[in-house]
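What follows is calculated from the coordinates using simple rules that are stated; it is not laboratory data. Note that the structure is predicted; figures quoted are calculated from it, not measured. Neighbour counts run over all protein chains shown; Cβ positions are idealised from the backbone, glycine included.
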Amino acid sequence: MKLGRNDICWCGSGKKYKSCHLMMDEKLEQMKLKGFKIPTKKMIKTPLQIEGIREASRINTMVLDYITPYVKEGVSTEELDKLIYDYTKSINAVPACLGYEGYPKSVCISVNDVVCHGIPSADTILKDGDIVNIDCTTMYNGFFGDSSRMFMIGNVDPVWEKLVNDTKKALDLGVEACKPYCTIGDIGYAINSFAKEQGYSVVREIGGHGVGLAIHEDPYVSHIGLPGKDYVIAPGMTFTIEPMINLGAPDIYQDAEDGWTIYTEDGSPSAQWEYTLLMTEKGVEILAQ
Ligand code: MF3
Ligand code: CO
Ligand code: CO
């Protein structure tokens, strides 16, 4: 079962094992002996898969760039959804959320106390002071990229504006914590420590995830965590970081009627930013933003 140094690598690169993944496998084996939780082979993408995921992520970023000028007071979230659907189709890509586990729209648009998975609606019209998350996942050539951004409509309460900007900072701190062979716990620890310092709370039940060959893959990426705990992040892993941070308490609930929309329990506003990332031997790379 064990590959010889001169055998062809398991990753599909066509290279000899010794000049491909041998060093990484040895390093992970050593870490396993020290008690670290090692990723499965399925969590590690091949060079060809990585190229596909990079391209899908680039297109996902283009979709968010495209929608940006339309995110204005008076527009309904359904209109934004339609624009994203049409644009995505026009570039031969697929809005991956549409039909995913029965999800009815092309993107998630979450306003104010909606934490995530807000369903675009003709009744949700953006108004002065709103903070809005647009979360987009695109499939291209069978590969997936996933990212989200916040938008502020008109005059936003400075406390809410700070929440939006600090949540971006929390994402960036999570990215900074992402060193080769670090753990998922390192990311969550960086994000949660900062959020707590600023007096916010981090949503615990929903987090980031592996992404690339499907919308949601293992591992789960918690935004709370402890240094050195949870899976090691090895080169070749593609995953999201997407902290949801609440101005008030961390508790959330799901809309019983639509089965999707997640709200803060206390009605306080919530912000979220998301990147798709690739770990390499040299460090982390942002694929979709
Ligand atoms: N883009 C979301 C994420 O970051 C996925 C939403 S799935 C949907 O994980 F069905 F709600 F659209
Ligand atoms: Co997303
Ligand atoms: Co995601």
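Among residues of segment 115-139 being away from ligand 3 (no atom under 16 Å from the Cβ) and in contact (Cβ under 8 Å) with a residue 60 or more places away in the chain, the one that is farthest from V164 (Cα to Cα) is I119. Looking only at segment 103-121, residues that are in a loop (DSSP other than H, G, I, E, B), crowded, with 24+ Cβ neighbours inside 10 Å and hydroxyl-bearing (S, T, Y) come to 1 in all.
Residue check: G199 meets all listed conditions (1) under 20 Å from L173 (Cα atoms); (2) in a strand (DSSP E or B) but one, namely (2). Restricting attention to segment 122-159, report how many residues are part of a loop (DSSP other than H, G, I, E, B) and out of contact with any strand residue (DSSP E or B) (no Cβ under 8 Å at 6 or more places or on another chain). Residues flagged as part of a loop (DSSP other than H, G, I, E, B) and out of contact with any strand residue (DSSP E or B) (no Cβ under 8 Å at 6 or more places or on another chain) within segment 122-159 amount to 8. Candidates I134, I191, I109: the one that is among the β-branched types (V, I, T) and away from ligand 1 (no atom under 14 Å from the Cβ) is I191.
Any chance you could count how many residues in segment 235-251 are farther than 19 Å from A190 by Cβ and away from ligand 1 (no atom under 16 Å from the Cβ)? Steps first, please.
Step one: filter segment 235-251 for residues farther than 19 Å from A190 by Cβ, giving 235-236, 238, 247-249, 251.
Among the residues that remain, those that are also away from ligand 1 (no atom under 16 Å from the Cβ) are: 235-236, 247-249, 251.
Result for segment 235-251: 6.
If we keep just the residues of segment 19-58 that are among the β-branched types (V, I, T) and touching a Leu at 6+ places or on another chain (Cβ under 8 Å), which is surrounded by the fewest Cβ atoms within 10 Å (Cβ to Cβ)?
From segment 19-58, those among the β-branched types (V, I, T) are 38, 40, 44, 46, 50, 53; that's our starting set.
Next, only the ones that are touching a Leu at 6+ places or on another chain (Cβ under 8 Å) stay: 38, 50, 53.
Numbers: I38: 16, I50: 22, I53: 24.
So, considering only residues that are among the β-branched types (V, I, T) and touching a Leu at 6+ places or on another chain (Cβ under 8 Å), the one surrounded by the fewest Cβ atoms within 10 Å (Cβ to Cβ) is I38.
Which of the following residues is within 15 Å of ligand 1 (Cβ to nearest atom), under 19 Å from the mean Cα position of the chain (by Cα) and closer than 21 Å to G267 by Cβ: I119, I84?
One residue alone meets the criteria, I119.
Taking segment 233-286 as the range and being outside any loop (DSSP other than H, G, I, E, B), within 16 Å of ligand 2 (Cβ to nearest atom) and more than 30 Å from E51 (Cα to Cα) as the test, the residues that pass are I245, I262, S270, A271.
Within segment 2-57, being free of Cβ contacts under 8 Å to residues at least 12 places away in the same chain and either at positive phi or in contact with a Pro (Cβ under 8 Å, 6 or more places away or on another chain) (or both) holds for G14, G35.
When K196 is tested against (1) of a type in the set (K, R); (2) within 16 Å of ligand 1 (Cβ to nearest atom); (3) under 20 Å from K162 (Cα atoms), just one condition goes unmet, and that condition is (2).
Can you report the number of residues in segment 152-195 which are within 16 Å of ligand 2 (Cβ to nearest atom), surrounded by fewer than 21 Cβ atoms within 10 Å (Cβ to Cβ) and either among the hydrophobic types (A, V, I, L, M, F, W, C) or over 15 Å from T276 (Cα atoms) (or both)? Result for segment 152-195: 1.
So that you can scan it fast, the table gives a plain yes or no per residue for (1) more than 16 Å from ligand 3 (Cβ to nearest atom); (2) within 24 Å of R54 (Cβ to Cβ); (3) of a type outside the set (F, W, Y):
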position	(1), (2), (3)
N141	yes, yes, yes
R149	no, yes, yes
M152	yes, no, yes
V159	yes, no, yes
V164	yes, no, yes
G174	no, yes, yes
A177	yes, yes, yes
K196	yes, no, yes
G199	yes, no, yes
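Residue pairs whose Cβ atoms lie under 6 Å apart, sitting 6 or more positions apart in sequence or on different chains, and linking a residue in segment 87-113 that is more than 13 Å from V63 (Cβ to Cβ) to a partner that is part of a loop (DSSP other than H, G, I, E, B) and among the aliphatic types (A, V, I, L, M), are Y100/I215; K105/I119.
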